[in-house]
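In what follows, a single structure is set out as structure tokens and then discussed.
The values are calculated or read from the model by the stated rules, or taken from the named source; none is laboratory data. What you see is a predicted model; the values in this text were computed from it and never measured. Because the Cβ atoms are built from the backbone with ideal geometry, glycine has one as well, and the counts that use them run over all protein chains shown.
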Amino acid sequence: MTEFELNTIPEAIEAIKRGELIIVVDDEDRENEGDFIAAAEKVTPEMVNFMTTIGRGLMCAPITEERCAELELEMMVGNNTSSHETPFTVSVDLLGHGCTTGISASDRAKTLNALANSNTKADELGRPGHIFPLRARSRGVLRRAGHTEAAVDLA
């Protein structure tokens with residue numbers, strides 16, 4: 001098995017500020033996985049392509065409870081019965097702004113950029129879409145030890 005060096009939290013924060021991708025891993029007793037994390041405002045189509053090709057999972061966007069309210073993002077389900085209670089909201093695509101179907105790496109990058117932009121309004125997001133916002137709990141990992149809260153805390 002290959003050994004990997006784990007970085008410190010300050011190193012992770014600096015990497016995110018520089019627009020780099022990092023991987024956040026959780027405990028073996030939880031999901032036992034790693035998630036790509038990047039600052040949404042700095043995500044490029046190339047980064048989306050890399051994450052979807054190498055990561056092969058859903059493209060999610062952890063955001064604060066306040067931002068969910070501003071964008072009128074309702075929870076995907078009223079009764080979350082998933083094993084780790086992942087806080088999915090309804091999925092979204094950016095409308096207009098050069099976006100077409102929402103599925104391309106370019107469209108997904110633009111949607112992620114828009115979610116991070118405080119000027120983006122609720123009516124600029126089509127629902128359902130190809131990006132899955134996740135509502136991070138206030139107080140972050142102190143309240144819920146999940147990748148969602150870790151991503152918001154690090155940003």
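Values for this structure:
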read-out	value
Of all residues in the stretch 75-90 being surrounded by 12 or more Cβ atoms within 10 Å (Cβ to Cβ) and of a type in the set (Ser, Thr, Tyr), the one that is nearest to residue 26 (Cα to Cα)	86
Residue list for the stretch 91-128, restricted to those being among the small types (Gly, Ala, Ser), farther than 14 Å from residue 67 by Cα and either touching a residue at least 60 places away in the same chain (Cβ under 8 Å) or surrounded by 12 or more Cβ atoms within 10 Å (Cβ to Cβ) (or both)	91, 102, 104, 105, 106, 109, 126
The listed residue being of a type in the set (Val, Ile, Thr), under 28 Å from residue 10 (Cα atoms) and in contact with a Cys (Cβ under 9 Å, 6 or more places away or on another chain), out of 44, 89, 111, 64	111
Qualifying residue in the stretch 34-51 (condition: touching a helix residue (DSSP H, G or I) at 6+ places or on another chain (Cβ under 7 Å), on the phi > 0 side of the Ramachandran plot and surrounded by fewer than 19 Cβ atoms within 10 Å (Cβ to Cβ))	no
Scope the stretch 41-70; condition hydroxyl-bearing (Ser, Thr, Tyr) and without any contact (Cβ under 8 Å) to a residue 24 or more places away in the chain; matching residues	53
Helices (runs of 4 or more DSSP H) within the stretch 1-104 that include 2 or more residues within 20 Å of residue 120 (Cα to Cα), within 14 Å of the chain's Cα centre (by Cα) and at pLDDT 95 or above	65-70
